[in-house]
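As structure tokens, the structure follows; a few thoughts come after it.
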Amino acid sequence: MSELESNISTSIDEFIRISNEIAKSIESSKDLSENQILPIQSKLDVVLSLSESLLKSSNSINQYLPLSNEVRDIVEATASNLWNISSITSRVIDSQKIQLFLCQVKLFALVLLQIYDRSNFDHSKLFRSTNCAIKLFSSCIDFQFNDVAKKVQTYGEASIARLIELDKDDKLGKEDKSKIYENTSKMLILSMNHSLIIKDYVMTKLYETKLDKINLAKHAKVEFLSDCSRYLFNGSLELYEHENFEKASEIVSYSIKYLQVNDLNYKAVINDYDERLFQSYLLYIKCLQKVPNSSNKVQEILKYLMENFSNRVEVYILKLEEYQDFEESEIKDLVMTLVVKVPLENNLEKILGLLRNICQKSIYAVNKCMDYMLTKLDPIKSHDQLELIVSTKVYFNTNIINSAKTIVELNSFLKLAERTFTKSISQSSRSSIVTLIWNQGTKSLKAQKYSVVIEWYNLCLSRILVDERDEGDENGKIIRSLQNSHFLLNNYQSAIDCVEQMNEKHKSSILTQYNLFRCYIKLNNVDLAIETIERMSSREDPLSVVTLAVCVIESKGILPTSMSLNLMFKLLSLVMNDDNYKNESSTGSDYVVIPIAIRCTIVMVLKGCENESDTSIISKHFASLLEIFTKSLSVAKKNSSNKVKKSQKFTVDDLEWLSSKAYNIACTAVKHNQSSTCLSFAQFAKSFITLIPHDIGAQKLIELQIWDIKSNILIMLATILKGSETSWNEIREAATKDFESINRLLTSNEIGENQLEDCKSCRIQLILFRFQAELESGLSDNLHGILEQVPTEDKVLDFTIYSTIVALVLKSNRNQVKYKLLSEIIIKSLELGSNFSLISIWIRKLFEDHSLTGENHELVISHLISILKCLDQEETFPPFEIDWLASTCWNSGVTNIM
């Protein structure tokens, strides 16, 4: 034996020994783990490298290895055993690392088989190692073990090359020749897939070119072609996702090619063949759409798909995307073909999605298709889908396209739906459809297109959309909105007629009765208007109060005053008696209406008082106002006890308004000599002020204090005017208290200019009331002090005050203080140096009144003489009064001498 043969024999023995150890280790492990393969891996790496070197050297010198028959058989058996064990084990292993180890073991087994082939002259054994190489190559591609796959590819191609060489020498039979072509085609396809995985697209193209020369129908099996097509499709999809569209289109074309090899019965082997082919074409089109100058190819593929896959929605989607310049008639023809050819039950949502995208292009085509779909589906089996079609069409025609013909189209469609359905549509579908239509009516309402609003709301009342049970208030709400639209168009009778469409519950609704009230008022049908008010006021409904308040406002100037008053009294009675209403049963906006209604009624009655001379009629008006204010005050007091601010019916502004109106009415009552009425309304003014909270700011608080004092002054005046029951001591105490309050306000730094003038006016009036009360109550201690408080800034005003005081003094029966008070006023008036005509009258009164003693006449005369000496030429004392005084003094002197 030569040295080479000895070395080969030694190596082969080592290979066999290691192979057996590996096979034993794999076979003895029930659950092969990563830790278990570590010691084996090192041995495998060494022996695999050595065996590959031996095989490579054999291939390089192109000679058979000199092995004995015994050794050759052992090599064959060892390799086969190792291959089988590793193949069986790989079927139950999930670990990627262990799968790689097993593929390396198989590679070692493949190398041993190829060593065997190099020592064997029997060419039939070459097919075994070729088949093993193809299987291992396919597994490595599946797991993407690219390094192992590259080696396997090399050994597989080498085996096929040897078989081809044998074929050239005519050493193979017909069956073997066929096997060679089959294995060659498999190896080329796998090589093409592998080159695609490692992104070697040049080699991919090269392998595809080689495959193009092979009759795959004759030499390849459908299963293998299917797997290869799947690899190519996945590779193309990855390229597409990475936006390499041109290369992706090329690769997916190969995938399609291997799914359409002539004369092969794919469908008998591949269950989802049509789906895979269709998805491949879809990807092909998507790729080509991104590749420049590919439009013709896309159209060619679309034509093929329309011929073979006309029952798939995606084809129509792609066609519409590709042909952007379709005419409306072409779009209609295409989508009608779609709904005829494509099964609706399984593709409805996709079809509706497609139709949505073409609404802008041709709503006419969309509507026709949806009409057809509505009639094509089984109304019993496909009830839910029919509901979807109806709601979707309404959505398309309201939210996407809303043309002048929309209402007519939907009206016709809903009638068609009514004839189609065999049972009522669900509440959710009904609500969504009604909401879509309602929203369009609301938009038209905002645009003040009331006739269009009526058409939309009538659509909401289509028979298919009306819930006969109507457990909520949906139908009533729609009909009332319809009423409102007729009302805004002045179609009052039509608004009234709408009530006939309601059930009894909706007819008796407060809001329905309110709509009727408005219509009757506009038609001047007072009797029916009053009937609706009676019905509203008799219902226990949280809306009764606010609705009646609105009725008061809207009927202002229309209903007779007596009826308006009765309505107002009912409203106030309801508010006072309604315990629910004062809490959270009404929203904040409701509370605005009640004070407005009260204001309207008060203004209406006051207007009746204007230019009225009949005392009895005026008294009736005052009586009505008295009742309104009495009940309003009760409501206000009830309201002020409510701690929930949002539930309060009267705001600060409302209370101020009521107070000021009560004050003004009190002043009017004085003019009409109705002191009792004046007193009542003055007390109302004060009562409303006391209900206003004090956290309203300093300026506002000062203003309220002034109004409170004004009300007190009016109460004093009314009390005095009543006469017999006058309590001067009470008036004196009240006036003194308010006088002190006014003085505090006058010294305040926060008082405004207008408020200052009001305070001064109140101060003067309080001085007069205090003086009169002091005088009438028989007291005299404070009279001179009160005179000292008369302001001296304004001579005209001062004389007015003094004139009033003089009148009070002269009217008084207290003779003991008359002279002193009158002389003091005359002296103070003389010091002012003006209005001597009035002063002269007071002096004449002083001298003529025999009840006055003349012991201090000299004091007055001396003051007068002093003033006369200082007068300017423009300021003259009446000459005839001087003459009268001179003669009177002369006569008095003569009398005293005698």
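The values are calculated or read from the model by the stated rules, or taken from the named source; none is laboratory data. These numbers were taken from a predicted model, which means no experiment stands behind them. Note that each Cβ is placed from the backbone with ideal geometry, even for glycine, and that neighbours are counted across all protein chains shown. Heads up: the accessible areas ignore ligands, DNA and RNA and are worked out on the full protein's heavy atoms, side chains in. Shrake-Rupley method; radii C 1.70, N 1.55, O 1.52, S 1.80 Å.
Couple of notes before you dig in:
- Within region 496-516, considering residues that are within 32 Å of the chain's Cα centre (by Cα) and of a type in the set (A, V, I, L, M), the one nearest to Asn458 (Cα to Cα): Met502
Results for (1) within 20 Å of Glu208 (Cβ to Cβ); (2) open to solvent by 60 Å² or more (accessible area, probe 1.4 Å); (3) not charged (D, E, K, R), shown as yes or no for each residue.
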site: Ile134; (1), (2), (3): yes, no, yes
site: Ser138; (1), (2), (3): yes, no, yes
site: Val152; (1), (2), (3): no, no, yes
site: Tyr155; (1), (2), (3): no, no, yes
site: Ser159; (1), (2), (3): no, no, yes
site: Glu165; (1), (2), (3): no, yes, no
site: Lys179; (1), (2), (3): no, yes, no
site: Glu182; (1), (2), (3): yes, no, no
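- Residue in region 393-411 that is closer than 17 Å to Ile464 by Cα, over 29 Å from the mean Cα position of the chain (by Cα) and not charged (D, E, K, R) present: yes
- Scope region 300-318; condition open to solvent by 20 Å² or more (accessible area, probe 1.4 Å) and under 38 Å from the mean Cα position of the chain (by Cα); matching residues: Glu314, Ile317
- Residue in region 408-421 that is of a type outside the set (Val, Ile, Thr), within 19 Å of Val340 (Cβ to Cβ) and either touching an Asp or Glu at 6+ places or on another chain (Cβ under 7 Å) or open to solvent by 60 Å² or more (accessible area, probe 1.4 Å) (or both) present: yes
- Here Ile389 passes the criteria (1) at pLDDT below 90; (2) within 24 Å of Ile437 (Cβ to Cβ) except the one numbered (1).
Here is a yes/no grid of residues against (1) part of a helix (DSSP H, G or I); (2) open to solvent by 10 Å² or more (accessible area, probe 1.4 Å); (3) modelled with pLDDT of 75 or more:
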{"residue": "Ala549", "(1), (2), (3)": "yes, no, yes"}
{"residue": "Ile558", "(1), (2), (3)": "no, yes, no"}
{"residue": "Lys570", "(1), (2), (3)": "yes, yes, no"}
{"residue": "Val592", "(1), (2), (3)": "yes, yes, no"}
{"residue": "Ile598", "(1), (2), (3)": "yes, no, yes"}
{"residue": "Gly608", "(1), (2), (3)": "yes, yes, no"}
{"residue": "Leu626", "(1), (2), (3)": "yes, yes, yes"}
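- Scanning region 18-40 for residues that are without any contact (Cβ under 8 Å) to a residue 60 or more places away in the chain, within 14 Å of Val105 (Cβ to Cβ) and not in a helix (DSSP H, G or I) returns a single hit, Ser29.
- Selection count where residues are within 22 Å of the chain's Cα centre (by Cα), touching a residue at least 40 places away in the same chain (Cβ under 8 Å) and open to solvent by less than 60 Å² (accessible area, probe 1.4 Å), scope region 440-463: 2
- Condition check for Tyr201: open to solvent by 10 Å² or more (accessible area, probe 1.4 Å), over 24 Å from Trp83 (Cβ atoms) and either over 60 Å from the mean Cα position of the chain (by Cα) or not β-branched (Val, Ile, Thr) (or both): yes
Results for (1) touching a Leu at 6+ places or on another chain (Cβ under 7 Å); (2) of a type outside the set (Asp, Glu); (3) without any contact (Cβ under 8 Å) to a residue 24 or more places away in the chain; (4) not in a helix (DSSP H, G or I), shown as yes or no for each residue.
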site	(1), (2), (3), (4)
Glu165	no, no, yes, no
Lys177	no, yes, yes, no
Ser185	yes, yes, no, no
Ser195	no, yes, yes, no
Leu206	no, yes, yes, no
Glu246	no, no, no, no
Leu277	yes, yes, yes, no
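For (1) within 26 Å of Ile826 (Cβ to Cβ); (2) within 56 Å of the chain's Cα centre (by Cα); (3) modelled with pLDDT under 85, each residue gets a yes or a no:
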{"residue": "Ile689", "(1), (2), (3)": "no, yes, no"}
{"residue": "Trp728", "(1), (2), (3)": "yes, no, yes"}
{"residue": "Asp738", "(1), (2), (3)": "no, no, no"}
{"residue": "Ala773", "(1), (2), (3)": "yes, no, yes"}
{"residue": "Gly785", "(1), (2), (3)": "yes, no, yes"}
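- If you go through region 100-114 and keep only what is open to solvent by less than 10 Å² (accessible area, probe 1.4 Å) and either within 11 Å of Ser19 (Cβ to Cβ) or modelled with pLDDT of 90 or more (or both), you end up with Phe101, Leu102, Cys103, Val105, Leu107, Phe108, Ala109, Leu110, Val111, Leu112.
- Condition broken by Tyr254, with the remaining ones in (1) at pLDDT 85 or above; (2) more than 23 Å from Ser191 (Cα to Cα) satisfied: (2)
- Condition broken by Thr630, with the remaining ones in (1) hydroxyl-bearing (Ser, Thr, Tyr); (2) closer than 21 Å to Val552 by Cβ; (3) surrounded by 14 or more Cβ atoms within 10 Å (Cβ to Cβ) satisfied: (3)
- Selection count, region 755-790, where residues are of a type in the set (Gly, Ala, Ser), closer than 15 Å to Lys811 by Cα and part of a helix (DSSP H, G or I): 1
- Set Lys290, Lys247: member being more than 47 Å from the chain's Cα centre (by Cα) and open to solvent by 20 Å² or more (accessible area, probe 1.4 Å): Lys247
- Answer residue from region 69-92, given it is crowded, with 16+ Cβ neighbours inside 10 Å and among the hydrophobic types (A, V, I, L, M, F, W, C) and is nearest to Ser139 (Cα to Cα) among those: Trp83
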